[in-house]
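Here, each number is a calculation from the coordinates, and none is a lab measurement. What you are looking at is a predicted structure, and each value in this text was computed from that prediction instead of being measured. With ideal geometry, Cβ positions are generated from the backbone for all residues, glycine too; neighbour counts draw on all protein chains shown.
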Amino acid sequence: MIIIKSTLDYLNTYNKQLNSKKIGFVPTMGYLHEGHLSLVKESIKNNEVTIVSIFVNPTQFGKGEDFNSYPRNTERDLALLKETGTDIVFIPEVEDIYPNNHKSLVEIGIDSDFTNKLCGKYRPGHFNGVAQIIIKLFSIVKANNTYFGLKDYQQYILIKNLASTFFPYTKVIGVPTIRENSGLAMSSRNTYLTEDEQLLASSIYKNLIMISNIIKENVTINHLSLAKLFNDTLLKKSSLFTPQYLEVYDTNLNQINTYIQNQTFIGTAVYLNKVRLIDNITF
Ligand code: PAF
């Protein structure tokens, strides 16, 4: 496994060794879990070379969010990636990705119809930061196939749209969420939770299933009453929950008022104590 620490070193390797190879790319912020490794395995299965980046991207964290405390353990990540069969790990420094102290940063404008929903509404600037790092990484790595977890569904849609505009040779592939036995979606942020809290957090997914069953039965989607039912059921379970949103769309994130089989999407964000957890279901 080759470890590359700067853009120039990557470009050199690319020009010398990778130019004509089928490249799979998995961008991550590290602190890898089974969810990330499922993306890596998918890439290894379908490409000649698999590249994983580890970079905690400062521009996608808002003020007061967890950039400084975001869990990091590069040594452990490298051991897991090696064991999984990764070919190249790209671990750039912030100054390499955003030179001149971010002064050369290009601001990305994202359609307000997109940023006014789901996480976009509650994390202003977050998707601009995601778009910046993805444009930067995609232009460096020049992959054929890229892999993203569907747990971050809105991010997946954003990146799919970005790629179709700016990187038409790069395919964006969504990989299903990996869950604990309890149903809790795997996330690096789960490490902020105690074992008991992780078990409690699994009610989020159970409640998503409950809401999806109601939509299937009723066909008409009553957005307000579904959100209220979701919140009330969670709060009945524990007062440690603070639900942030529950929103229903089609799988392209367009508004819908009736159920469409296999193309209906519910996304949610819920605080458990101070930890913000997201999850979704397509049915
Ligand atoms: O999903 C993540 O880990 C990050 O948002 C990503 C896509 C690696 C961009 O920093």
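Here LYS151 does not qualify as charged (D, E, K, R) and more than 12 Å from the ligand (Cβ to nearest atom). Residues being surrounded by 17 or more Cβ atoms within 10 Å (Cβ to Cβ) and not in a loop (DSSP other than H, G, I, E, B) are entirely absent from segment 61-76. Checked against (1) surrounded by 18 or more Cβ atoms within 10 Å (Cβ to Cβ); (2) assigned to a strand (DSSP E or B); (3) touching a residue at least 40 places away in the same chain (Cβ under 8 Å), TYR245 meets all criteria but (1). Considering the conditions (1) surrounded by fewer than 19 Cβ atoms within 10 Å (Cβ to Cβ); (2) charged (D, E, K, R); (3) closer than 22 Å to VAL172 by Cβ, LYS136 is excluded by exactly one of them, (1).
Just checking, does segment 94-109 include any residue being surrounded by 19 or more Cβ atoms within 10 Å (Cβ to Cβ), in contact (Cβ under 8 Å) with a residue 12 or more places away in the chain, on the phi < 0 side of the Ramachandran plot and outside any helix (DSSP H, G or I)? Working first, answer last.
Taking segment 94-109 as the starting set, the residues that turn out to be surrounded by 19 or more Cβ atoms within 10 Å (Cβ to Cβ) are 97-98.
Okay, now just the ones that are also in contact (Cβ under 8 Å) with a residue 12 or more places away in the chain, so 97-98.
Still in the list and also on the phi < 0 side of the Ramachandran plot: 97-98.
Of the ones still in play, those that are also outside any helix (DSSP H, G or I) are 98.
Within segment 94-109, one or more residues are surrounded by 19 or more Cβ atoms within 10 Å (Cβ to Cβ), in contact (Cβ under 8 Å) with a residue 12 or more places away in the chain, on the phi < 0 side of the Ramachandran plot and outside any helix (DSSP H, G or I).
Which of the following residues is within 15 Å of the ligand (Cβ to nearest atom), over 20 Å from the mean Cα position of the chain (by Cα) and of a type in the set (Ser, Thr, Tyr): TYR98, TYR31?
Numbers: TYR31 fails: over 20 Å from the mean Cα position of the chain (by Cα).
Only one candidate qualifies: TYR98.
Can you tell me how many residues within segment 34-57 are farther than 25 Å from TYR169 by Cβ, in contact (Cβ under 8 Å) with a residue 40 or more places away in the chain and either within 13 Å of the ligand (Cβ to nearest atom) or in contact with a Leu (Cβ under 9 Å, 6 or more places away or on another chain) (or both)? It would help to see each step written out before you state the result.
Step one: of segment 34-57, the residues farther than 25 Å from TYR169 by Cβ are 34-35, 37, 56.
If we keep only those that are in contact (Cβ under 8 Å) with a residue 40 or more places away in the chain too, we end up with 34-35, 37.
Restricting the remaining residues to those that are either within 13 Å of the ligand (Cβ to nearest atom) or in contact with a Leu (Cβ under 9 Å, 6 or more places away or on another chain) (or both) gives 35, 37.
Summing the residues that are farther than 25 Å from TYR169 by Cβ, in contact (Cβ under 8 Å) with a residue 40 or more places away in the chain and either within 13 Å of the ligand (Cβ to nearest atom) or in contact with a Leu (Cβ under 9 Å, 6 or more places away or on another chain) (or both) in segment 34-57 gives 2.
Listed here are the residues, each with its yes/no results for (1) part of a strand (DSSP E or B); (2) under 30 Å from ILE266 (Cβ atoms); (3) more than 13 Å from the ligand (Cβ to nearest atom).
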{"position": "VAL89", "(1), (2), (3)": "yes, no, yes"}
{"position": "PRO124", "(1), (2), (3)": "no, yes, yes"}
{"position": "ASN128", "(1), (2), (3)": "no, yes, no"}
{"position": "ILE157", "(1), (2), (3)": "no, yes, no"}
{"position": "ASN161", "(1), (2), (3)": "no, yes, yes"}
